[in-house]
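**Q** Just passing along the structure, written as structure tokens.
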Amino acid sequence: MIAKRELIRRLQEELLPLQGFRPPTAGARVDMGLGPVAAAFPRGEFPAGAVHELISASPEDWAATGGFVAALLAPLMRDGGVGIWIGTRRTVFPPALKRFGVDPDKIVFVDLAREKDAIWAMEEALKCEGLAAVVGEIRDLDFTASRKLQLAVEKSRVTGFLVRHQPRNLGTVAAVARWRVGLLASEPEGEMPGVGFPRWKVELLKVRNGRPGEWIAEWNNETGFKITDHEQTICLPLLPASQNRLVGYSQAGAAG
Amino acid sequence: MVIRKPELRGKPVVLSAKDHNRVVITAASPEAEKEGLFPGMVVADSRALLPELVVMEDKAGREMRLLRGLGEWCIRFAPVTAVDGADGVGGSGGAERPDGLILDVSGCPHLWGGEEPYLKQILKRLRAIGYHVQGAMADTMLAAWAVARYGKGYPIIAANGQAAALGPLPCQALRIEAATTERLQQLGLARIDQFISMPRGALRRRFGAQLLHRLDQALGHAEESLEPICPVEAFTERLPCLEPIQTRTGIEIALQRLLNQLCERLQQEGKGLRTAVFKGYRVDGKMESIEISTTRATHQANHLFALFEIRLATIEPALGIELFILEAPKVEDAAPAQTTLWSGSAGLEDNGLAALLDRLTGKFGAGVIHRYLPEERYWPERSFRESTDLRETPSTSWPTDRPRPIQLLPHPEPIQVTAPIPDYPPMLFRYKGVLHKTAKADGPERIEREWWTDAGPHRDYYTVEDESGGRYWLFRSGHYRDDHSPQWFIHGFFA
């Protein structure tokens with residue numbers, strides 16, 4: 001029995017690199033400051049050098065997602081790295097990024113007219129090894145397009161964020177994780193009146209070979225994330241129910 | 001000057017420049033000189049003499065540029081041309097303005113049928129353009145210089161005839177210092193033949209070595225040097241084809257070949273191109289062209305090829321293209337370190353990033369790429385400015401002391417509110433048909449309009465959190481007044 005479990009564990013380890021989770025090279029490890037959230041991922045670390053998908057429905061959640069992405073960009077761009085922000089209807093206010101620890105002048109914004117162009121631009125950007133991160137505000141994309149993004153990332157090790165506001169279809173996308181970030185009412189600081197620090201409900205809806213979950217994250221622009229577990233954390237077995245499908249998919253990926 | 005502006009023809013024109021705190025004439029047209037104006041005169045005085053005088057501002061280096069241009073043009077007559085006085089040719093000393101061209105015509109005149117038709121042809125062409133020119137030809141540069149400026153007779157001096165030709169000229173014709181000229185004139189030696197045969201020792205003792213040196217130069221005993229004008233060769237490559245090219249593969253091969261040639265040249269000269277035009281001349285006489293531009297000077301042929309490749313489909317070969325031309329109209333110095341850094345990462349200096357941005361501008365046109373730098377202004381829409389240069393660094397830091405929303409609406413949108421007066425945030429507001437009840441609020445933060453750029457009411461901004469946790473940036477436009485209440489707007493969403 002133990003031998004079988006050991007065998008499964010070894011097989012999982014072997015499968016991870018095929019699915020885009022490659023162990024980071026020495027010195028390239030980035031601490032995202034995500035604390036308990038990182039434990040949801042295989043090997044217990046946030047997969048940089050992969051494509052993350054974030055979805056939002058309302059304009060309020062859109063703002064929360066923007067803040068969360070900016071907070072994730074900050075550690076990736078810490079050593080003078082450059083980020084690219086691609087979109088078709090960009091509303092992000094550059095000076096506000098500084099509150100999330102990102103230097104707005106280190107971000108190159110690319111504003112395109114069509115979604116199709118944005119996908120192309122994002123793929124090109126993800127191929128560029130000199131970048132720290134790429135944010136693409138893309139509403140809808142098909143599996144093939146997302147697979148191309150994933151392939152680009154596997155080669156270049158750039159972190160990609162696919163920010164999807166009000167997506168029309170939520171089909172499978174070749175991303176390492178699907179997040180949903182929603183707004184929560186801020187908590188007053190002691191007796192101080194007024195609006196407190198940004199507080200979000202961070203949901204990890206899908207994560208390849210990890211444990212989806214739900215957390216409450218508070219962002220303080222001096223100390224960073226404060227993450228607490230949400231009351232009803234969903235606990236799933238280590239292996240997803242559809243193990244066979246995952247293995248089959250990885251073979252298909254290797255063959256294609 | 002008069003050639004550029006034909007309406008000035010026949011009028012007295014002077015160029016003026018500031019000298020300490022006076023404005024003096026630096027050059028005068030022949031019409032002005034006829035009226036008694038001369039360079040060095042104060043403009044105010046000359047205006048008094050000649051009220052209709054046209055005064056134009058002189059720019060430093062104007063003559064030099066003009067003469068260089070003419071010099072380049074004159075290369076059609078002689079392979080070696082130089083601007084007289086460019087580097088103190090002949091070492092005349094003093095702040096002499098360049099005022100002539102020197103052509104080394106050895107071996108050229110016979111192509112124009114002899115020396116006389118040759119000189120005549122040059123002068124005729126220049127005069128036809130509208131310049132007032134004098135020319136002379138001699139064995140030595142100084143002799144030609146002297147005869148062209150002071151000579152009255154035949155301008156072509158026979159071989160070894162300098163001494164005879166210089167004889168009747170005034171002593172200034174030797175390009176000697178003003179003090180020496182004055183001393184010569186005081187002694188009655190106004191003409192060169194009066195002292196040319198004097199013992200050298202006596203001349204040296206009385207007038208210094210320069211006079212002797214000049215005499216030697218004029219007679220061909222001492223050497224003179226000149227700095228020839230080297231015209232800048234345009235970065236252009238051409239590829240004629242024996243058979244008209246119709247296929248994309250053919251065009252790609254042509255482009256690749258031209259790029260390799262051009263990039264090799266650019267690399268040797270330490271330059272990189274910023275814009276390039278690829279032209280194809282079709283058999284039916286039409287011309288197809290595509291243009292690319294780069295964010296940074298580069299001579300990487302494969303990168304440039306990738307940029308052209310995006311646009312290559314727009315070329316219509318029709319019956320075929322028989323001549324390809326690749327031009328680089330804008331060329332800048334490129335750091336030679338660029339090639340070694342190609343795979344490195346250096347933030348905004350990264351080569352991969354530059355290549356990526358070039359590809360994006362190549363495909364979608366300029367104007368899709370934006371980078372922002374902070375601006376010390378409070379009005380939210382103007383608190384940052386766009387930077388076109390990737391190397392530009394912010395001059396001030398990004399402010400974080402005031403709340404600013406992560407998503408800012410392109411334009412503030414009006415909302416309906418219920419707000420207590422005078423200075424309270426709204427209790428309720430309705431945006432896009434949804435009613436939001438305020439749970440927490442911060443503010444107001446008053447932001448005044450920049451009155452020197454636009455007029456209008458100020459804005460009082462509030463950070464408002466509704467009961468479901470949404471955080472909004474609202475503002476009231478202007479003051480409450482008796483007759484009307486101000487409009488409220490929503491301007492952004494906080495994270």
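Just so you know, all these numbers are worked out from the coordinates, no wet-lab data involved. This is a predicted model, so every value here is computed, not measured. Virtual Cβ from ideal backbone geometry, glycine too; neighbours counted across all protein chains shown.
**Q** Once you've got the Cα coordinates, tell me which of A:Lys148/B:Lys330; A:Lys116/A:Lys201; A:Lys127/B:Lys286; A:Lys106/B:Lys363 are over 28 Å apart.
**A** Distance filter (> 28 Å) returns A:Lys148/B:Lys330; A:Lys116/A:Lys201; A:Lys127/B:Lys286.
**Q** In whole angstrom, note down how far apart the Cα centers of the range A:114-183 and the range B:128-177 are.
**A** 78 Å
**Q** Take every DSSP beta bridge whose two residues both sit in the protein assembly as shown, then give the antiparallel share in percent to the nearest 5. Each step should come with its number before you reach the end.
**A** Details: 95 of 125 bridges.
DSSP beta bridges in the protein assembly as shown are roughly 75 percent antiparallel.
**Q** Label 7 Å along Cα→Cβ of B:Asn260; the range B:287-321 residues with amide nitrogen under 16 Å?
**A** Under cut-off, by backbone N: B:300-306.
**Q** Please report, in whole Å, how far the alpha carbons of the range B:297-432 spread along each principal axis, starting with the longest.
**A** Between the extreme Cα coordinates on each principal axis of the range B:297-432 lie 78, 42, 24 Å.
**Q** Also, quick follow-up: Chain B: Rg/Rh from Cα coordinates, Kirkwood Rh? Before the final figure, lay out the partial values.
**A** On the way: Rg = 36.0 Å, Rh = 30.7 Å.
That ratio is 1.17, to two decimals.
**Q** Ok, one more. Sticking with the crude label model, points 7 Å out along Cα→Cβ, report the distance from B:Glu252 to B:Asp401 in nm, one decimal please.
**A** For the pair B:Glu252/B:Asp401, the computed spacing is 5.9 nm.
**Q** Additional query: With θ taken as phi - 60° and the coefficients 6.51, -1.76 and 1.60, list the Karplus ³J(HN,Hα) couplings across the range B:190-200 in order, rounded to whole Hz; mark glycine and proline as x.
**A** 7, 10, 5, 5, 6, 10, 5, 9, 5, x, 4
**Q** Give the separation of the Cα centroids, the range A:47-63 to the range B:347-404, in Å.
**A** About 23 Å separates the Cα centre of the range A:47-63 from the one of the range B:347-404.
**Q** Sticking with this one: At 20 °C and a viscosity of 1.002 mPa s, what translational diffusion coefficient does Stokes-Einstein give for the range B:376-485, taking Rh as the Kirkwood radius over Cα pairs? Give it in µm²/s as a whole number. Don't skip to the answer; put the middle values down first.
**A** Working: Rh = 15.9 Å.
So the translational diffusion coefficient is about 135 µm²/s.
**Q** If each DSSP helix of 4+ residues adds -39,500 (n - 2.57) and the sum is divided by the residues in chain B, what number results at 222 nm, nearest 500 deg cm²/dmol?
**A** Using -39500 (n - 2.57) per qualifying helix, the result is -8000 deg cm²/dmol.
**Q** Give the Debye-formula value of log10 I(q)/I(0) at each listed q (0.09 Å⁻¹), with one equal scatterer per alpha carbon of the range B:162-320, two decimals each.
**A** Relative scattering, expressed as log10 I(q)/I(0), comes to -0.55.
**Q** Another question, then. With a sphere of radius 12 Å drawn around the Cβ of B:Leu50, what net charge do the other residues whose Cβ falls strictly inside it have (Lys, Arg +1; Asp, Glu -1)?
**A** The answer is -2.
**Q** How would you order A:88-97, A:188-197 from highest to lowest mean count of nearby Cβ atoms within 10 Å?
**A** A:88-97, A:188-197
**Q** First obtain the Kirkwood hydrodynamic radius of the range B:122-247 from its Cα pairs, then insert it into the Stokes-Einstein equation at 25 °C and 0.890 mPa s, and state the resulting D in µm² per second as a whole number.
**A** The estimated diffusion coefficient comes to 141 µm²/s.
**Q** Something else now. Restricting to Cα atoms and excluding each atom paired with itself, what does the Kirkwood estimate give for the protein assembly as shown in Å?
**A** It is 33.2 Å.
**Q** Could you give me the radius of gyration and the Dmax of the range A:52-131, taking only the C-alpha atoms into account and expressing both in angstrom?
**A** In Å, with Rg to one decimal and Dmax whole: 12.6, 34.
**Q** Give me log10 I(q)/I(0) at q = 0.16, 0.20, 0.25 Å⁻¹ for the range A:72-171, Debye formula, one equal scatterer per alpha-carbon, no solvent.
**A** -0.65, -1.00, -1.40
**Q** Can you give me the distance in nm between label points at A:Leu7 and B:Glu224, each placed 7 Å from the Cα along the Cα-to-Cβ direction?
**A** Here the answer is 10.0 nm between the modelled labels.
**Q** Please enumerate, by chain and number, the lysines with C-alpha under 20 Å from the C-alpha of B:Lys11, excluding those fewer than 8 residues away in the same chain.
**A** Result set, ordered by chain and number: B:Lys34.
**Q** Using 0.36 nm per residue of separation minus the Cα-Cα distance, give me the extension gain between B:Leu409 and B:His20 in nm, one decimal.
**A** Extra length from B:Leu409 to B:His20 when fully extended: 134.5 nm.
**Q** Please list the non-local residues whose amide H lies under 5 Å from the amide H of A:Leu141, H modeled 1.01 Å from N, same-chain partners needing a gap of 5 or more.
**A** none
**Q** Starting from the Cα-Cα distance between B:Glu233 and B:Arg191, subtract it from 0.36 nm times their residue separation and give me the gain in nm to one decimal.
**A** Result for the pair: 10.6 nm of gain on full extension.
**Q** Once the Cα atoms of the range A:121-175 are picked out, what are the Rg and Dmax in Å?
**A** According to the Cα coordinates of the range A:121-175, Rg and Dmax are 10.8, 33 Å.
**Q** What residue among A:Leu18, B:Ala28, B:Gly492 has its Cα farthest toward the positive end of the dipole of the protein assembly as shown, where the charges are +1 on Lys, Arg and -1 on Asp, Glu, each on the Cβ?
**A** Going by the Cα projections, it comes out as A:Leu18.
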